Amino acid sequence: MSTPPPADRPRIHPLTIWIPIIAIVGGIVVAYSYLTKLSLEKRSPRLPVVSRLEKSIPLVERSGKEVELADLKGKVIVACWVYTHCPRGCAGVVGAMLGLHKEFENNPDVHFLSVSVDPDDTPQQLKTFADGLKLGGDNWWFVNGNKDTLRSYMTRYFQFTGVQDIPEKDRLSPADKYIHDMRVALVDKQGQVRKHYHVGSGDPELAQLSLDDLRRDINIVLKEKHESSGFLGAVLLSVIGICVLSLLFMAWKRPPGKPQSPESTPAP
């Protein structure tokens, strides 16, 4: 009686070993990227989200050109109320923004926005006002629009306090027509209003502290985009790699079955 040949051992396909290894490595990359992101956020604390610019609004720029707020999508926006004949604090606010603008005038990711609270401010008046600042670069809009639409939008989305029309009998001068929010709003690249700053405060110490905070926070939100992209890129590459390998594994054909033993071959 002959001894049956030893049974063939099932072959292990290389992908059976490498797919789990690569999946584990991908998981480690994702975890490392996430921990790195958390570490960076701890070193540069994330600013709160106050509001979000959920829709656009039509505006008229000082050049007379019609623009949309959506045209600034993907940029960091530094925004404020203003009007060309303001006898109150507009000069202080614009002066503080002017200093910042000189630092960021060549940065295509930062845009300054001054919205007139006075419906009587014409594009020519806004242009004359802006020309007096001797601005460099083209990343500062001075705009106006429909009075009710603008005021509603700036209050609801930018979270500025409501504008008050001053009765004639209470005005300091004929030009003293409005009481409006003197703060500056910072909007990130995702259209989220992050914080307001009292850069035009009558208290010089508070004004300087607010300006320093705004300068720091502009750089923080500019950096947020880069860190987020790096993290998402690492995650995306890991997921793509795992998916590709999974598809290869699913397409892999199992090795052929065992050959028949000589005893099982039918006699002629």
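The values are calculated or read from the model by the stated rules, or taken from the named source; none is laboratory data. Note that the structure is predicted; figures quoted are calculated from it, not measured. Every residue, glycine among them, receives a Cβ derived from its backbone with ideal geometry; neighbour counts consider all protein chains shown. Heads up: the accessible areas ignore ligands, DNA and RNA and are worked out on the full protein's heavy atoms, side chains in. Shrake-Rupley method; radii C 1.70, N 1.55, O 1.52, S 1.80 Å.
Numbers for the structure displayed
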| read-out | value |
| --- | --- |
| Pairs with Cβ under 8 Å, 6+ apart, first in region 155-172 and free of Cβ contacts under 8 Å to residues at least 24 places away in the same chain, second of a type in the set (V, I, T) and open to solvent by 60 Å² or more (accessible area, probe 1.4 Å) | T155/T161; Q164/I179; I166/I179 |
| Hits in region 77-91 - residues which are open to solvent by 40 Å² or more (accessible area, probe 1.4 Å) and touching a helix residue (DSSP H, G or I) at 6+ places or on another chain (Cβ under 7 Å) | none |
